[in-house]
Amino acid sequence: MLNSNNHNPDVLNCLANLSNDEVFTPPQMVNQILDLLPKEIWSDKNVKFLDPVCKSGVFLREIAKRLDTGLEKTIPDKQARINHIFKNQLFGIAITELTSLLSRRSVYCSKTANGKYSVCEVFNDPQGNIRYDQVNHSWENGKCFFCGASLQEYDRGVELCTVPDRSRKKRG
């Protein structure tokens, strides 16, 4: 029998309560943080937002909601407003391929920014403004040339990886 109270939880609230290596910020906390920003920011069509560690896309999703309301007078056409917000104001860098897909699904309502079901109609590439690129370390003298990570601490063995890559070879 179906429950008659029609409880429909926000999937991002559910994710925030999962226990794993990644910490997902609950939507309620995101909104408390966004409430600290000046109110006039939501009606500024030139302001840009970057989430440098996208996991669920909740920050960008909640920012988009506020901009959508705040820019109604400036950009009255709903689709033009959505296109403007997603193309020109919201940017994210995902930390894994999975979180990039989750973030795009939360923000664009589609796993690809240019997909059939995406709420934004102006992207030509599937990543949109939520980027993820697999970048490998470049080791020199036991440290990564780019980020400074220690090879000794980073190379902890396949058995300690969350998702083992059986093709990974021991670095020397």
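The values are calculated or read from the model by the stated rules, or taken from the named source; none is laboratory data. Please read all numbers here as calculations on a predicted model, not as lab measurements. Cβ atoms come from the backbone with ideal geometry, glycine included; neighbour counts cover every protein chain shown.
Quick notes
- Check on Arg131, surrounded by fewer than 16 Cβ atoms within 10 Å (Cβ to Cβ), within 20 Å of Lys48 (Cα to Cα), in contact (Cβ under 8 Å) with a residue 12 or more places away in the chain and touching a strand residue (DSSP E or B) at 6+ places or on another chain (Cβ under 6 Å): yes
- Number of positions in the range 93-125 that are surrounded by fewer than 20 Cβ atoms within 10 Å (Cβ to Cβ), over 17 Å from Pro52 (Cβ atoms) and polar (S, T, N, Q): 4
- Some residue of the range 140-160 being assigned to a loop (DSSP other than H, G, I, E, B), surrounded by 14 or more Cβ atoms within 10 Å (Cβ to Cβ) and of a type in the set (D, E, K, R): yes
- Only listed residue being at pLDDT below 95 and under 19 Å from the mean Cα position of the chain (by Cα), chosen from Leu151, Leu160, Leu102, Leu90: Leu102
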